[in-house]
Amino acid sequence: MMTTDTLAHDTASLLADFGIAPDTLTKGDFPVVSPIDGRRIASLRRHTRDDLDGMIAAAERAFLLWRAAPPPRRGELVRLYAGQLRQHKAALGRLVSIEAGKILEEGQGEVQEMIDICDFAVGLSRQLYDKVIASERPGHRMFESWHPLGPVGIITAFNFPVAVWSWNAALALVCGNPLIWKPSDKAPLCALACNALLGHAIAQFGEIPDELRQGLSQVAIGGAELGEALADDRRVPLVSATGSTRMGGLVGPRVAQRFGRTLLELGGNNGMIVAPSADLDLALRAILFAAVGTAGQRCTSLRRLFVHGDIADTLVPQLQRAYGQVRIGNPLEPGTLVGPLIGEAAFTAMQQALAEAKRDGGQVFGGERVFAGKWPDAYYVRPALIEMQEQGDVVRRETFAPILYVMRYRELDEAVATHNAVPQGLASSIFTTDLREAELFTSAVGSDCGIVNVNIGPSGAEIGGAFGGEKETGGGREAGSDSWKAYMRRMTTTINYSCDLPLAQGIRFEIEAAP
Ligand code: NAD
C-alpha cells in the first residue's frame, strides 16, 4: 500500500529532478493533496493579487521583446521544450498520476500530447501565413497579416493538468505571446513542473535579455480569485479558460466587459449512438474506454449512450459484464484501469446524481464507493451504468464522474434529436457500418457538437484537429487546424502603388482644381 509519506517523498523527488527546490513544497499554506490517498503531498506559497499584478507587468515587458523575434526563432524555443518533455516524459507523467489520479498510462499520454502539440507548433512557426486578397482598385495590393496579441492568461482545469496548458502555451509562444498560467488549485505541482522544464528550454535557447527570461512564462498559484483578476485585467488581451460551464459563465462576461477576448473550453455531456449495423465488439471497447477511463473525469467522457432497441438486449448485458471486470485501484499500479475521483465533492455530486436517476426510474448498476477502509480520505468508485427510460434533468447535466446513462431508441432521427437536446456541445460519436447513417450524423442535420466521430468513442482527440465545442461548452477551439488565429491579431492592409487615388465602391470625391 502506498503511504502518504511515500507519495509526498515521490513527489518531492520528481520535482527535484525538474529543478524545483525542496523548500518550495513545504513553505506555504496552500495545501496540495493527492487523490490517491486524499493526503497532503505539498504546501505551496499562495500568490496574491499583487503578485499577479507584478507577473502581468513582467509579461508586458517580455511581450515587447518576444513579439519582435521572428516566428521560426520562437518555434526554436518550442522545439527545445519538446526535447525537455521527451527527456522527462515518464517523470512528468507520474506527477500527473499523483496529482490528478490518472493511471500511469494516461499520465504519460498527456505528456505525449504536449510533445505532439509542440511539434505541431514548431512547424506552424514557419506557416503563420498571411493572405493576399484581390483588390477592386487598380494599382493596389490588399493583404491581411497576423501579429502577436500580448500576454495570454491561461486558466486550466484539474483533469488535464498539463496537456491543456501546452495546447495554449505552444501556440501562444510561436504566435509571439508571453504566458501567465493560473492552474487548477487541485493540480498546481504539474504547473510548476511544466514551467520549470520550459525554464530549462529557455536556458538552452541562448543569451536572452532578463525581461524575457522573467516574463515569458509564469505560474500564479491560487484559487478563483486569481482567475478573476486575470479576467479583469486589460493588459491580458486573451484569457483562455478551461473548466466548468459555471466558471466559463463567470469569466466570459468579465472579460467581455473590458472588450478582451476569451477562448472558452467548458463542460461536455457527450453522447454515442449505437446503430443496429454497428460492430459491437468495437463499440463495446470504445464505450468502456470513453465512459470509465480517467474515472469519467474527461471533458469528453462518454455520458449518454443511445442504443437501438434491436441490439440493446445484447449490448447492455455485455457492458455490465465488462463494467464488473474493470480493475479499480491505485493509479500508480500497473493493471489499474480506474483510479480515484478527484475528491469528496466529486463523490458527493456523483451520489446525488445516482439518487436523482433512481428517482427518475433509472436502473442503476454499480456506482458505489470502494476502498473506503483502506483510503478513508480518498474516493474510489465503481463506475455506474444506468438504464433510463428518457433523458431527464439529471441526464442533461454534466456530472463529472463515471456515470453512463443508457437509453434505447427506434429511429435515428429521434436519437439524433435527443442527442442534441442538451445544453452542452462538445464531443459525440456514432457506431454504424451504414454509410447513410454515418454521413447523416456528420452532416448539418446531424450532431451539433464540435467533435463528431464515426466508429470511435467521443474521447481521446488528436492534436491536429481543432478541439472544442458548441453551446455551453463555450465555442472555443484549441490545438490544431487554424486555432492559432485566436492567439494573434489580424491586420488588413491596402497599399496603393499607383499614381491615382481611386476610392473603394467607385465613390467619387473630387474637389475643383484650383484656377
Ligand atoms: P472548475 O471550473 O472548478 O475550475 C477550472 C479552473 O477555473 C480552475 O483553475 C479554477 O481555479 C478556475 N476558476 C474557478 N472559478 C473561477 C472564477 N470565478 N473565475 C476565474 N477562474 C475560476 O473545473 P474543474 O473541476 O477543475 O474541471 C472540470 C470541468 O472542466 C468539467 O466541467 C470539464 O468538462 C471541464 N473541462 C473542459 C475541457 C474542454 O476542453 N472543454 C477540458 C477539461 C475540463
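The values are calculated or read from the model by the stated rules, or taken from the named source; none is laboratory data. This is a predicted model, so every value here is computed, not measured. Methodologically, a virtual Cβ is constructed for each residue, glycine included, from the backbone with ideal geometry; neighbour enumeration extends over all protein chains shown. Surface accessibility is based on the protein's heavy atoms, side chains included, excluding ligands, DNA and RNA. Shrake-Rupley method; radii C 1.70, N 1.55, O 1.52, S 1.80 Å.
Residues whose amide H lies under 5 Å from that of LEU302, counting only those 5 or more places away or on a different chain, are ALA291; hydrogens are built 1.01 Å from N in the peptide plane. The relative contact order of the stretch 415-463 comes to 45 percent, based on Cα pairs under 8 Å that sit 6 or more residues apart.
Distance between the C-alpha centres of the stretch 429-462 and the stretch 304-353: 23 Å, rounded to the whole angstrom. Relative protection proxy for 150-162, 335-347, 179-191, from highest mean packing down: 150-162, 179-191, 335-347 (other beta-carbon atoms within 10 angstrom). Projecting the Cα atoms of ILE507, ALA479, PRO423 onto the charge dipole of the stretch 413-515 (Cβ charges, centred on the Cα centre) puts ILE507 farthest toward the positive pole. Sequence-ordered 3J(HN,Hα) estimates for the stretch 289-294 from the Karplus curve with 6.51, -1.76 and 1.60 and θ = phi - 60° stand at 4, 6, 8, 10, x, 6 Hz, glycine and proline given as x. Close amide-amide hydrogen proximity is noted between THR262 and VAL239, each under 5 Å apart and 5 or more residues distant or on a separate chain (H modeled in the peptide plane; Pro and chain starts excluded). Calculated on C-alpha atoms, the gyration radius of the chain divided by its Kirkwood radius gives an Rg/Rh of 1.03. Solvent-accessible surface of protein heavy atoms, probed at 1.4 angstrom with all chains present, puts ILE463, ILE507 in the order ILE507, ILE463, largest first. Scalar couplings 3J(HN,Hα) for the stretch 139-154, obtained by applying the Karplus form with A = 6.51, B = -1.76, C = 1.60 to θ = phi - 60°, are x, 10, 10, 10, 8, 10, 9, 10, 10, x, 9, x, x, 9, x, 10 Hz; x denotes Gly and Pro. Evaluating 6.51 cos²θ - 1.76 cosθ + 1.60 at θ = phi - 60° for every residue in the stretch 427-432, the Karplus couplings come out as 10, 8, 7, 10, 10, 7 Hz, glycine and proline recorded as x. The alpha carbon gyration tensor of the stretch 378-484 gives principal lengths a ≥ b ≥ c with a/c of 1.5 or higher and a/b no greater than b/c, which makes the shape oblate. Highest mean first, the peptides 94-103, 29-38 sorted by other C-beta atoms within 10 Å per residue fall in the order 94-103, 29-38. Taking all protein chains together and a 1.4 Å probe, the residues LEU198, LEU503 rank LEU503, LEU198 from largest to smallest accessible area. Per the 1.4 Å probe, what fraction of the accessible area of the chain, in percent, lies on carbon and sulfur atoms? Heavy-atom surface of the chain belonging to carbon and sulfur, 1.4 Å probe: 52 percent. Peptides 61-67, 202-208 ranked from most to least packed by the mean count of surrounding Cβ atoms within 10 Å: 61-67, 202-208. Entry comment: accessible area of the chain is 42 Å² per residue, from protein heavy atoms only and a probe of 1.4 Å. Past 26 Å, Cα to Cα: identify those pairs from LYS27/LYS182; LYS186/LYS358; LYS102/LYS182; LYS102/LYS485, in the order given. From the list (LYS27/LYS182; LYS186/LYS358; LYS102/LYS182; LYS102/LYS485), the Cα-Cα distance tops 26 Å for LYS186/LYS358; LYS102/LYS485.
Quick one: grab the alpha carbon gyration tensor of the stretch 1-124, order the square roots of its eigenvalues as a ≥ b ≥ c, and give me rounded if a/c is under 1.5, else prolate or oblate depending on whether a/b is larger than b/c. Verdict is oblate for the stretch 1-124.
Once backbone amide H atoms are built at 1.01 Å from N, ARG397 has no partners under 5 Å, excluding neighbours fewer than 5 places away on the same chain. Considering only THR262, ASN496, SER277, and ranking their Cα positions along the charge dipole of the chain that arises from unit charges at the beta-carbon of Lys, Arg, Asp and Glu, the one farthest toward the positive end is ASN496.
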